[in-house]
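Inspection log for the structure reproduced underneath, given as structure tokens.
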Number of protein chains: 2
Amino acid sequence: MPLTESNLDELLDGLKFDEKGLLGAIVVDAATDKPLMFAFLNREALRLTIETGKMHYWSRSRSKLWLKGETSGHTQDVREVRVDCDGDALLFKVDQSGGACHTGFYSCFYRKLGTGGWVEEGVERVFDPDKVYK
Amino acid sequence: MPLTESNLDELLDGLKFDEKGLLGAIVVDAATDKPLMFAFLNREALRLTIETGKMHYWSRSRSKLWLKGETSGHTQDVREVRVDCDGDALLFKVDQSGGACHTGFYSCFYRKLGTGGWVEEGVERVFDPDKVYK
């Protein structure tokens with residue numbers, strides 16, 4: 001994306017990263033707007049995402065920066081970036097390769113609330129996680 | 001929504017609230033899947049949301065529980081609740097009354113990244129915030 005380096009610094013300075021230096025990000029399918037996943041970015045992850053056009057995140061559990069798809073090959077190409085009114089949440093519209101979820105589903109939100117609890121409904125795995133994450 | 005009290009307790013116990021007792025929530029328009037806002041819920045906000053069918057949140061800045069629309073009248077009626085693979089993020093599909101954003105826009109994500117920074121594009125306010133928040 002054609003932001004200059006100084007434009008990008010200014011943009012990053014204008015966002016409200018939380019006390020851990022993170023921003024929440026909604027990631028949706030660019031073609032359908034269907035939510036794929038929710039994750040966190042720190043400043044460096046956002047810089048890399050904007051510079052490369054591929055989603056990068058900060059893993060809270062592993063305390064490390066990661067390129068989505070670095071293990072699975074299921075990368076996310078960024079088509080649009082949006083920010084919310086408060087500057088503390090981001091929205092990315094992406095072209096998802098393979099599936100977004102490590103369980104093999106296209107979206108991480110494959111369970112909906114039914115009368116007795118969470119149920120999987122009308123969804124099939126798009127890949128076999130045992131084959132993708134060896 | 002027809003969950004029994006014990007079902008609801010079990011459901012809440014199965015979620016991974018963070019160290020502050022919060023879960024992130026993506027809120028989208030039930031008809032179009034377009035993202036409206038991102039916010040946090042604690043256990044009580046989620047219980048009230050499921051019991052009443054109206055979105056309740058935890059405000060991090062005001063440290064209080066709030067019913068969305070309690071001031072503006074712009075409530076959100078829940079049509080579907082989803083959870084992500086890790087149980088640490090929620091997705092709500094809602095019917096939005098008025099607009100979701102306190103600035104008067106239908107969605108909080110009214111700015112997109114352009115070549116020089118954030119730009120408002122093709123969006124009009126659906127209400128006048130000066131008249132709604134007196």
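Can you give the charge dipole size of region B:71-112 about its Cα centre, rounded to the nearest 20 debye, using +1 on the beta carbon of Lys and Arg and -1 on the beta carbon of Asp and Glu?
280 debye
How many partner chain Cβ atoms sit within 10 Å of a residue's Cβ in peptide B:3-13, on average, as a whole number?
For this peptide, the per-residue mean of nearby foreign Cβ atoms is 2.
Going down the table (A:Lys16/A:Lys131; A:Lys34/B:Lys64; B:Lys68/B:Lys112; A:Lys64/A:Lys112; A:Lys20/B:Lys131), which pairs top 32 Å between alpha carbons?
Violating the 32 Å limit, Cα to Cα: A:Lys16/A:Lys131; A:Lys20/B:Lys131.
Label region B:1-66 by shape, choosing from rounded, prolate and oblate, from the square roots a ≥ b ≥ c of the eigenvalues of the Cα gyration tensor; if a/c is under 1.5 it is rounded, and otherwise prolate applies when a/b is larger than b/c, oblate when it is not.
oblate
Would you mind listing the distances between the B:Gly117 label point and the same position in each other copy? Use 7 Å along Cα-to-C-beta, nm, one decimal, shortest first.
In ascending order, 5.0 nm.
Take peptides A:120-129, A:24-33, A:37-46 and line them up by average Cβ neighbours within 10 Å, highest first, as a rough protection proxy. The partial results should precede the final answer.
Values: A:120-129: 12.2, A:24-33: 19.7, A:37-46: 21.3.
Order by mean packing, descending: A:37-46, A:24-33, A:120-129.
Just to be sure I understand: of the beta bridges DSSP finds with both ends in chain A, what percent are antiparallel, rounded to 5?
Counting only bridges with both partners in chain A, antiparallel ones make up about 80 percent.
Running a GNM on chain A with Cα contacts under 10 Å, which residue among A:Gly104, A:Gly14, A:Gly69 ends up with the highest mean-square fluctuation?
A:Gly14
Between the label point of A:Glu80 and that of the same position in each other copy, find the distances and list them shortest first in nm, with every label point placed 7 Å from Cα along the Cα-to-C-beta direction.
Distances between equivalent label points, in nm: 2.0.
In percent, how large is the relative contact order of chain B, given Cα pairs closer than 8 Å and 6 or more residues apart?
About 21 percent, as a whole number.
Between A:Trp58, A:Trp66, A:Trp118, where does the largest GNM mean-square fluctuation fall for chain A, given springs only between Cα atoms within less than 10 Å?
Greatest mean-square fluctuation among the candidates belongs to A:Trp118.
When a/c is below 1.5 the answer is rounded, else prolate if a/b is larger than b/c, else oblate, so apply that to the protein assembly as shown with a ≥ b ≥ c taken from the square roots of the Cα gyration tensor eigenvalues.
oblate
Size of the dipole of the protein assembly as shown about the Cα centre, Lys and Arg at +1 and Asp and Glu at -1 on the beta carbon, nothing else charged, in debye to 20?
200 debye
GNM on chain A, C-alpha springs below 10 Å: top fluctuator among A:Ser61, A:Ser72, A:Ser107?
Comparing A:Ser61, A:Ser72, A:Ser107 in a Gaussian network model of chain A, the most mobile one is A:Ser61.
Taking the Cα centre of each part, how many Å lie between region B:17-47 and region B:105-124?
22 Å
Give me a single rounded figure for A:85-92: the average over its residues of other chain Cβ atoms within 10 Å of their Cβ. Walk me through the intermediate numbers first.
On the way: counts 12, 7, 2, 3, 8, 3, 10, 1.
What the average comes to for A:85-92 is 6.
I need the shape label for chain A. Rule: rounded when a/c is under 1.5, else prolate if a/b > b/c, else oblate, with a, b, c from the alpha carbon gyration tensor.
prolate
Suppose every Lys and Arg Cβ carries +1 and every Asp and Glu Cβ carries -1, with no other charges. What dipole size does region B:5-132 come out with about its Cα centre, to the nearest 20 debye?
I would put it at about 420 debye.
Set Lys and Arg Cβ to +1 and Asp and Glu Cβ to -1, take the dipole of region A:5-132 about its Cα centre, and tell me which of A:Asn7, A:Gly98, A:Ala45 lies farthest positive.
Looking along the dipole axis, the top candidate is A:Gly98.
Sticking with the crude label model, points 7 Å out along Cα→Cβ, report the distance from A:Val132 to B:Arg60 in nm, one decimal please.
The modelled label-to-label distance comes out at 2.9 nm.
Every read-out reported here was derived from the displayed coordinates using simple, explicitly stated rules and does not represent laboratory data. Remember, it's a predicted structure, so these values are computed and weren't measured experimentally. Don't worry about glycine lacking a Cβ; one is built from the backbone with ideal geometry, like all the others, and counts go over all protein chains shown.
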